[in-house]
Amino acid sequence: MDTEIPWLDMLIRLSTAAGLALILGLERELQGKPAGLRSHMLVAIGAAAFIMVGMDIMFSTAEGDPSARIDPTRIVEGVINGIGFLGAGSIIQSRGNIQGITTGASIWTSGAIGVACGIGNLVLAAMVTAMAIVIMVALGWFERDVMKDEKKA
């Protein structure tokens, strides 16, 4: 049994994670937010890499001693916690206003995209990206333009 993910598959997964996270990062970059292209892309490829490493360990220990097997959900849990820490770091409070929540959420979502790419579920990763960009762009426009006009009335 092959215990490693083929290198071309790894490259496809990492490239897809980077490309999809680029879309979210570009939106944040265009909004002038501090966490933009590079942050989102690095989070996604890092998450994908951690998942692939975990899968590789899981596959390589599957035929050996049962006590050496790992639980892949623990890797996902660790990745989610680490990315949550990064996202929380992008949220600031300034004079009663809280800023950066959407950026924090988009960083966290980039991690989910990376995890999906890491396990090879590129369709899920693409759907999450599409939904996230619609939420960030369309609802961002709605909040800025429509809600602002309603508050003036």
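With springs only between Cα atoms under 10 Å, which of Ala130, Ala138, Ala112 fluctuates most in a Gaussian network model of the chain? Between Ala130, Ala138, Ala112, it is Ala138 that shows the largest mean-square fluctuation.
Just so you know, the Rg over Rh for the chain is 1.09, from Cα atoms, with Rh as the Kirkwood radius. Between Ile70 and Ile91, the contour length at 0.36 nm per residue exceeds the alpha carbon distance by 4.2 nm. Within the shell of other residues whose beta carbon sits under 15 angstrom from the beta carbon of Ile91, the net charge comes to +3, with Lys and Arg scored +1 and Asp and Glu -1. The Rg/Rh ratio for segment 1-53 is 1.13, where Rg is the radius of gyration of the alpha carbons and Rh is the Kirkwood radius.
Any read-out appearing in this document is the output of simple, stated calculations on the displayed coordinates, not a laboratory observation. Model, not experiment: these values are computed from the prediction. Every residue, glycine among them, receives a Cβ derived from its backbone with ideal geometry; neighbour counts consider all protein chains shown.
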